[in-house]
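Report on one structure; see the data block that follows.
The values are calculated or read from the model by the stated rules, or taken from the named source; none is laboratory data. Note that the coordinates shown come from a computational prediction; the quantities given were computed from them, not determined experimentally. Positions of Cβ are generated from backbone atoms using ideal geometry, with glycine treated the same way; all protein chains shown enter the neighbour counts. With ligands, DNA and RNA removed, areas are computed over all heavy atoms of the protein, side chains included. Shrake-Rupley method; radii C 1.70, N 1.55, O 1.52, S 1.80 Å.
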Amino acid sequence: MTEGRRDCSIANALEVIGERWSLLALREVFFGARRFDQIARNTGASRDILTARLRKLVETGILEKRLYEEHPPRYEYVLTEAGHALNHVLLNLMAWGDKYVTEGPPPTVWRHSCGQDLAPRTVCAHCHEPVREKDMTLVRSTRRVVGS
């Protein structure tokens, strides 16, 4: 029997959202753009690629397609519970990009209800302390067997 690749929720998630146009489409829906033409204009994605990415996001339960006009039928895209749960992922990805990739001031700034510019961080749900690599211990990691 040979060892295979690691069975991993990160890889599983990337199968669904790990493509540039999928993430940018989600960004736009988070920003309030819910109609296809708005999403296409704001992402720069071609119509055929965006159609495929939105279809996959709907099929996987991240977005829901809702009719907003009957004649002709027109739809908008809204976040599901699974889609809303990605907000933290996108905010942290944006913060990483602001710090390590983007030159100059951040192009997008969110204000928190406390009145300050939003500075997202990941904390433990139990103790509310920041999550740091030095405080983590791997408990389980499985590998998928690919052959015998």
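Of note:
- Cα shape, region 37-80, gyration tensor, a/c 1.5 rule: oblate
- Hz values of 3J(HN,Hα) by residue in region 116-131 - Karplus curve (6.51, -1.76, 1.60), Gly and Pro given as x: 9, 4, 5, 10, x, 8, 9, 10, 5, 5, 8, 9, 6, 7, x, 8
- Between TYR75 and TYR68, the built amide H atoms are under 5 Å apart, and every one of these is 5 or more places off in sequence or on another chain.
- Relative compactness, region 63-127, computed as alpha-carbon Rg over 2.2 N^0.38 Å: 1.56
- Accessible surface of the chain, 1.4 Å probe, proportion on carbon and sulfur as whole %: 52
- Only protein heavy atoms count here; under a 1.4 Å probe, ASP135 has an accessible surface of about 90 Å².
- Under Karplus coefficients 6.51, -1.76 and 1.60, residue-wise ³J(HN,Hα) of region 66-78 in Hz, glycine/proline x: 10, 5, 10, 8, 8, 10, x, x, 10, 10, 10, 10, 10
- In the chain, helical runs assigned H by DSSP with n ≥ 4 each contribute -39500 (n - 2.57); averaged across all residues and rounded to the nearest 500, the mean residue ellipticity at 222 nm is -12000 deg cm²/dmol.
- Most to least accessible of LEU23, LEU54 (protein chains only, probe 1.4 Å): LEU23, LEU54
- Distance between the pseudo-spin-label points of PHE30 and GLU15 (7 Å out from Cα toward the beta carbon): 2.4 nm.
- In the context of the full set of protein chains, residues of region 14-148 present 75 Å² of accessible surface per residue (probe radius 1.4 Å, heavy atoms only).
- Region 11-77: GluC sites (Glu not before Pro) in DSSP coil with no more than 10 other Cβ atoms inside 10 Å: GLU70
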